[in-house]
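Following: one structure in structure tokens, then a few remarks.
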Amino acid sequence: MTAQAAAAIQCGSCSSGCNTAHLTKLGIKTGSWDYIVALAGNPNTGKSTIFNALTGLHQHVGNWAGKTVTRAEGAFTLGGKKFKLVDLPGTYSLLSTSVDEEIARDFVLFGKPDVTVVVVDATRLERNLNLVLQILEITDHAVIALNLIDEARRNNLTMNERILMRDLGVPVVPMTARRGEGVDELLSAIEQVASREFSARPHRIKYADSNLETAIEKLATQLRSEFDGLRNARWVALRLLEGDESIIDTVRKGTLGAVKSTNHFPPLVQVEAG
Ligand SMILES: Nc1nc2c(ncn2[C@@H]2O[C@H](COP(=O)(O)OP(=O)(O)OP(=O)(O)O)[C@@H](O)[C@H]2O)c(=O)[nH]1
Ligand SMILES: [Mg+2]
């Protein structure tokens with residue numbers, strides 16, 4: 001189905017087992033949705049264009065709590081399921097060196113959306129893959145929207161999405177979002193990943209240094225026993241070894257994985273409704 005066909009959204013109950021507790025704390029009301037989809041990507045890659053194509057008029061725009069960073073949420077229905085789409089701030093990495101990066105990272109890490117769509121600029125693939133690889137370290141459930149294919153063609157760049165898909169282990173959808181090309185294919189990939197019909201084998205960086213691998217595993221084991229149910233222990237261990245201050249702080253305070261506080265992400269302030 002097309003985004004235009006995304007019909008009026010009606011309430012229902014969440015049946016996806018999609019980490020409702022965390023998402024509710026993040027200020028995303030999950031009760032009416034089957035799946036939550038996050039939209040991530042480098043700045044200016046066409047995230048908002050894709051967001052608009054998928055959600056049409058079903059969107060609300062406000063700010064992330066206590067920040068001046070815009071937050072947009074929208075909805076669409078697909079195959080009888082209701083999807084909520086959250087547009088994350090454009091970032092080059094998830095290393096929390098800025099407010100935008102921290103918001104995007106916390107949402108992918110602690111909100112654990114059912115699907116994370118990473119919008120990639122096909123004309124700057126190498127630079128964009130940095131964020132892709134970081135997101136694939138955190139989640140198995142990703143889809144790559146390989147956007148600006150028209151610009152890539154104009155610059156005589158040829159993309160082989162099959163090889164990219166094989167190497168990254170997640171669906172890769174070529175798109176020219178400005179013209180609506182690839183939107184149906186993106187929706188289909190989102191549906192397959194959300195329903196776990198697509199079994200992902202995401203690319204994970206392997207570290208050649210055995211001392212580093214030993215240190216990561218040792219720390220990860222300690223983290224798992226300290227923080228019950230922590231899914232991304234290896235990623236957190238790496239950040240600790242790197243000296244990431246915000247992660248060190250959450251570990252010290254014992255709030256890791258618990259989403260800092262309700263006030264940190266209160267519900268979206270609705271300033272505009274479609
Ligand atoms: N040529 C071309 N332009 C596109 C395409 N998709 C989006 N654009 C244009 O790229 C510009 C940026 O698009 P946005 O959707 O605002 O990108 P964004 O990622 O939301 O940008 P930020 O929120 O600023 O990070 C706009 O001028 C779009 O019209 C595409 O497939 N091809
Ligand atoms: Mg945008």
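Values quoted throughout were computed directly from the atomic coordinates according to the rules given, and no laboratory measurement underlies them. Keep in mind the model is a prediction, meaning the values are calculated, not measured. Glycine gets a Cβ as well: all are built from the backbone with ideal geometry, and neighbour counts include every protein chain shown.
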Review point. Using 18 Å as the cut-off for backbone N distance, which residues of region 121-145 belong to the label zone defined by a point 7 Å from the Cα of Glu151 along Cα→Cβ?
Key: 121-132, 144-145
**Study point:** Sequence of Ile50, Ile163 once ranked by neighbouring C-beta atoms within 10 Å, starting from the fewest
**Key:** Ile163, Ile50
**Study point:** Span from the region 196-256 Cα centroid across to the region 48-66 one, whole angstrom
**Key:** 31 Å
Revision key, fill the gap. Among region 132-166, those whose backbone N falls under 20 Å of a label point 7 Å along Cα→Cβ from Arg178 are 145-159
Exercise for review: With label points built 7 Å along Cα→Cβ from the Cα atoms of Arg166 and Glu185, find their separation and express it in nm.
Suggested key: 1.7 nm
Point to revise | Rotationally averaged projected area of region 136-193 (alpha carbon convex hull; nm²) | key: 4.2 nm²
Point to revise | Hz values of 3J(HN,Hα) by residue in region 140-152 - Karplus curve (6.51, -1.76, 1.60), Gly and Pro given as x | key: 7, 9, 10, 10, 9, 9, 8, 8, 6, 4, 4, 5, 4
Practice item. Excluding residues fewer than 8 places away in the same chain, name every one of the aspartates and glutamates whose C-alpha is closer than 13 Å to that of Lys206. Key: Glu137, Glu217
Practice item. Would you mind calculating the relative contact order of region 206-254 from Cα pairs under 8 angstrom and at least 6 residues apart, reporting the percent as a whole number? Key: 29 percent
Review point. Going through region 162-212, which trypsin sites (Lys or Arg not before Pro) have at most 10 other Cβ atoms within 10 Å and a DSSP loop state?
Key: Lys206
Check your understanding: For region 44-53, in order, what is each residue's ³J(HN,Hα) by Karplus, 6.51 cos²θ - 1.76 cosθ + 1.60 with θ = phi - 60°, in whole Hz (x at glycine and Pro)?
Key -> 6, 9, x, 4, 5, 4, 5, 3, 5, 5
